[in-house]
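The values are calculated or read from the model by the stated rules, or taken from the named source; none is laboratory data. What you see is a predicted model, and the numbers here were worked out from it, not measured in a lab. Positions of Cβ are backbone-derived with ideal geometry, glycine not excepted, and every protein chain shown enters the neighbour counts.
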Amino acid sequence: MDVRDFIDISTEVAGLQLEYPVFNASGPLCVTTQELRAIGESYSGAILSKSCTLVPRSGNPEPRYKEFGDERNSINSMGLPNLGYREYVEILPALKSYGKPVIASVSGLTQEDSLTIVRSFNNTGIDAVELNLSCPNVPGKPQIGYDFEASKNLVKGAVKVSGLPLGVKLPPFFDISHIKEMAEILNSSGVKFVTCINSPGNGLVVDVDTESTLIHPRGGFGGIGGPCIKPFGLANVRKFREFLNPEISIIGAGGITSGSDIFEYLLCGADAVQVGTHFMNNGTSVFQNLVYELVKLIMDKGYKSIQDFKGNLRITEAT
Ligand code: DHB
């Protein structure tokens, strides 16, 4: 029996068909061929690779990823460990055999690096590129997504050299005017999808017993993931849906651990979602569980497809 016998939960992102509206976030467990194949074999609706750089990186010293709190939030400062873009140009096309979209995440350390890498995926047979504007963990490299002028230059350059649908992964914004300004840049740049939000950067988690930081790199500062960031993910998706051209797809991310969380993101206007911390903490089985939970919720509500409710969040009545 297949969940698709009951209900249509397929979706479209940047013109690509996804059988399920949930896939892995770039970050956890998507560095090596083996990890990427495991995602291919799972219920993940697409395969997204770890953000790659020009040359391979081993990343920051450990401990660099820790869970915290009863809800299994996370703090990380991985420092972009990856095999280098040439490996992904080799590895990713073969993953098309799983019959789902294959997307490369790109995070050059300079604009020139990013453009070289984006260009290298042209004509490889993969489906799309997610350009990461929001890595918070490389010492001396601020998150480009918080610099609107630099973001505009990079995104316009990347769209120009890319032969594939190009999207951007954004940091969270905490002021509506910033979301509006970024949306205006993206509306005039030719991007096909927007993923929001990346982990809010430069959080600090303290262990009272040892009176020390949980992770080592960058003085213990790192990106925060898990349920504690969900309200900001939902808010960014909702406001970007309001400000972005309707033809630009939105992928929601931040704190998803259940089918109900996915439903919330879709209600706010997301076309699909990504899962980071929950995937890291539990492995590829999360995708099947999330798909089943989402199907059950949608059926219980009497909807037949995602289109029936996507973006239809209501403002609660005044009392
Ligand atoms: C890393 C973390 C991120 O949030 C990101 O977008 C890219 C890379 C990292 O530390 O590896």
(request) For the range 222-234, enumerate the residues that are within 11 Å of the ligand (Cβ to nearest atom) and hydrophobic (A, V, I, L, M, F, W, C). (result) Ile224
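Of the residues Gly99, Gly145, which single one is within 30 Å of Leu214 (Cβ to Cβ) and either in contact with a Leu (Cβ under 6 Å, 6 or more places away or on another chain) or away from the ligand (no atom under 14 Å from the Cβ) (or both)?
Within the list Gly99, Gly145, the selection yields Gly145.
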(message) Pairs please, first residue from the range 28-51 and closer than 19 Å to Gly99 by Cβ, second anywhere and acidic (Asp, Glu) and crowded, with 24+ Cβ neighbours inside 10 Å, Cβ atoms under 8 Å, 6+ apart in sequence or on different chains.
(response) Leu48/Glu130
(request) Can you give me the number of residues within the range 95-121 that are exposed (fewer than 15 other Cβ atoms within 10 Å of the Cβ) and of a type outside the set (D, E, K, R)? (result) 4
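Kindly indicate the residue of the range 27-64 that is among the charged types (D, E, K, R) and within 16 Å of the ligand (Cβ to nearest atom) and also surrounded by the fewest Cβ atoms within 10 Å (Cβ to Cβ) among those meeting that condition.
So the first thing to find is which residues in the range 27-64 are among the charged types (D, E, K, R), and the list is 35, 37, 41, 50, 57, 62, 64.
Narrowing further to those that are within 16 Å of the ligand (Cβ to nearest atom): 35, 50, 57, 62, 64.
Numbers: Glu35: 17, Lys50: 25, Arg57: 17, Glu62: 12, Arg64: 20.
The selected residue is Glu62.
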(request) Six or more apart or on different chains, Cβ under 9 Å: which pairs go from a residue in the range 208-231 that's surrounded by fewer than 16 Cβ atoms within 10 Å (Cβ to Cβ) to one that's in a helix (DSSP H, G or I) and modelled with pLDDT of 95 or more? Could you list them? (result) Ser212/Gly220
(message) For the structure I just gave you, tell me whether Gly276 is out of contact with any Leu (no Cβ under 7 Å at 6 or more places or on another chain) and under 22 Å from Arg314 (Cβ atoms).
(response) no
(request) Sort out which residues of the range 122-137 are farther than 15 Å from Ala25 by Cβ, buried (at least 20 other Cβ atoms within 10 Å of the Cβ) and either within 16 Å of the ligand (Cβ to nearest atom) or more than 19 Å from the chain's Cα centre (by Cα) (or both), and write them in order of number. (result) Val129
(request) Would you please name the residue that is modelled with the lowest pLDDT, looking only at residues in the range 1-26 that are among the β-branched types (Val, Ile, Thr) and either assigned to a loop (DSSP other than H, G, I, E, B) or within 16 Å of the ligand (Cβ to nearest atom) (or both)? (result) Ile7
